[in-house]
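Reading through the structure tokens given below for one structure.
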Amino acid sequence: MLYKTSNLWQKCFTKHQICGNIKSTGHNSVDFMFMQRLILEKIAKWKQRKDRKPLVIDGARQIGKTWVMREAGRLYFDDVAEFNFETKQELKTLFALDKEPKKIIERLSLLCGKAILPNKTLIIFDEIQECPNALNSLKYFNEEASEYFVISAGSLLGVYLAQRHSHPVGQVNVLQMFPMTFAEFLQATDETLFAVYSQINLSNGIEKIFHSALMESYQRYLIVGGMPECVKLWAQTKDPMQVENAQKELLLIYERDFAKHNGGVNSGRILMVFRNIVSQLAKENNKFIYSDIGKGARARNFEEAIEWLVTAGMLNRLYRAKKNEMPLNVYKDLSAFKLYLFDTGLLKQMAQIPNEDIILNTNFKFKGALTENFVMQQLRANQMDNAHYFTFDHYETDFLLQNTKGDIIPIEIKSSKNISSASLTAYNEKFKPVTRIKYSGLNYQKDGNLINIPLYLVGKDNF
């Protein structure tokens, strides 16, 4: 799949709405370029589904869920009615009075001062986790009022959805949302280069001048990451200090959340795991080791904390595959895994890597781990959920993926232009794969079944 420049770029204005009252606002090109997310296309497809259910957007805090819901309303719907359960605590009483959707809509219409119309108005429930009755009401909207468009999201909503007593199981559609991918970052910060990127066809190769420019943008992404606030600051100011300060503030917000929304899980252990990620990834073999968290640390003490962080969207987990056979998920080893931070820019900040080490392409100690984290982030955001790692005969492949044809593809990650790989050579000799992939800083190359793909193309279906 190649990313195509969306026709959303043909829009020449922005709007902002609250509770359906839409008004035009001024804008500049940076703001508008920044506000383009690929998940909008998925919401457009959801709207057209005949079996549509209320939609829940799940993902970590501060990744742009509220903006995406509003923008979808502006682009795809006749009108919008937005309700925030955190800022409007009194909304909770409306859902405590009755479970019948038609009566709930009648009261919400009175609150908005206008009609909420079936098949026309988009109803937004933001911070829905603050009102369990509203979350449960999605079941009744699906069963009794499916003609209404309902989208909901909230902070750490994944944790709430994991609690079955508060989740309308089978009654909602769920979309996973992630920080901005490299493609989205490029579209937000360099529209001209993104147009080139979106048309890349590996069979035609990549011109050297474009490869160099894209590698520079890839390095910027390692520094800035995909958090919308940080991307916006970079697009508007090009000031790395402002980006760094925003990253520090985000990390503080997340750490405060651990105590506020831990759902009964020991918040101290959540914090210990979170702060230990850099150390875990810094190891030559970055398989997660419980004892590395602290003296006497055991799985039984920290499993819940890890699960909380993964469910909250803060960590991406990569399991080892016991066998390199399809389907890979059948051979998942639940006892062996690696953990990656959900955003590479935040990981760079946590590891306190100087920008010059990335820009000057030096071989700093954490470079390989940062690159792997980038790859994992792109794979997850592009719905490549069957990724595993694999060990054999004292060798380890960084990733295994199963392609649409059912082939098992071994993947090695190289953070520089040195692409020699003993593990991929040994894998080839033992298992004779159809294709082997190296992601590295080098331009596209193909040698038999070995393909080198530039790092900035991770996440595209190019094998």
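The values are calculated or read from the model by the stated rules, or taken from the named source; none is laboratory data. On a predicted model such as this, the values are computed, not experimentally measured, just so you know. Neighbour counts run over all protein chains shown; Cβ positions are idealised from the backbone, glycine included.
Here are some notes:
- Qualifying residue in the stretch 139-152 (condition: crowded, with 21+ Cβ neighbours inside 10 Å, under 24 Å from the mean Cα position of the chain (by Cα) and of a type in the set (Gly, Ala, Ser)): yes
- Among the conditions (1) loosely packed, with under 14 Cβ neighbours inside 10 Å; (2) of a type in the set (Val, Ile, Thr); (3) part of a loop (DSSP other than H, G, I, E, B), Ile63 misses just one, which is (1).
- Residue pairs whose Cβ atoms lie under 7 Å apart, separated by 6 or more positions or on different chains, with the first residue in the stretch 433-462 and farther than 19 Å from Lys417 by Cα and the second of a type in the set (A, V, I, L, M) and part of a helix (DSSP H, G or I), are Gly459/Leu379; Gly459/Ala381; Asn462/Leu202.
- Out of Asn142, Asn204, one residue alone is free of Cβ contacts under 8 Å to residues at least 12 places away in the same chain and not hydroxyl-bearing (Ser, Thr, Tyr). It is Asn204.
- Whichever residue in the stretch 32-91 is closer than 24 Å to Lys114 by Cα and small (Gly, Ala, Ser) and, among such residues, is farthest from the chain's Cα centre (by Cα): Ala81
- Residue in the stretch 383-395 that is modelled with pLDDT under 95 and of a type in the set (Ser, Thr, Tyr) present: no
- Selection count, the stretch 90-114, where residues are of a type in the set (A, V, I, L, M, F, W, C) and loosely packed, with under 14 Cβ neighbours inside 10 Å: 3
- Checking the stretch 366-389 against the condition returns a match, with at least one residue being in contact (Cβ under 8 Å) with a residue 60 or more places away in the chain and in a strand (DSSP E or B).
- Restricting attention to the stretch 332-353, the residues that are in contact (Cβ under 8 Å) with a residue 12 or more places away in the chain and outside any strand (DSSP E or B) add up to 11.
- Residue within the stretch 324-344 that is closer than 29 Å to Glu249 by Cβ and of a type in the set (Gly, Ala, Ser) present: no
- The set of residues in the stretch 181-200 being assigned to a helix (DSSP H, G or I), surrounded by fewer than 24 Cβ atoms within 10 Å (Cβ to Cβ) and of a type in the set (S, T, N, Q) consists of Thr189, Thr192, Ser198.
Residue by residue, here is whether (1) of a type outside the set (A, V, I, L, M); (2) closer than 18 Å to Leu161 by Cα; (3) in contact with a helix residue (DSSP H, G or I) (Cβ under 9 Å, 6 or more places away or on another chain) holds:
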residue: Arg70; (1), (2), (3): yes, no, no
residue: Glu82; (1), (2), (3): yes, no, yes
residue: Leu91; (1), (2), (3): no, no, yes
residue: Asp126; (1), (2), (3): yes, yes, yes
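- Matching residues, the stretch 109-123, being under 20 Å from Asp98 (Cβ atoms) and touching a helix residue (DSSP H, G or I) at 6+ places or on another chain (Cβ under 8 Å): Leu111, Ala115, Ile116, Ile123
- Residues satisfying the stated conditions in the stretch 295-322, i.e. among the charged types (D, E, K, R) and under 13 Å from Ala162 (Cβ atoms): Glu304, Glu307
- In the stretch 201-291, counting only helices (runs of 4 or more DSSP H) that sit wholly within it, the ones holding 2 or more residues that are modelled with pLDDT under 95 and of a type in the set (D, E, K, R) span 240-260.
- Condition check for Tyr395: touching a strand residue (DSSP E or B) at 6+ places or on another chain (Cβ under 8 Å), aromatic (Phe, Trp, Tyr) and farther than 29 Å from Gly225 by Cα: no
- Output for the stretch 393-432, where each listed residue is part of a loop (DSSP other than H, G, I, E, B), of a type outside the set (D, E, K, R) and either surrounded by fewer than 12 Cβ atoms within 10 Å (Cβ to Cβ) or not assigned by TED's automatic domain parsing to the domain that holds His211 (or both): His394, Thr404, Gly406, Asn418, Ser420
- Within the stretch 292-310, the set of residues being assigned to a helix (DSSP H, G or I) and loosely packed, with under 15 Cβ neighbours inside 10 Å comprises Asp292, Ala299, Arg300, Glu303.
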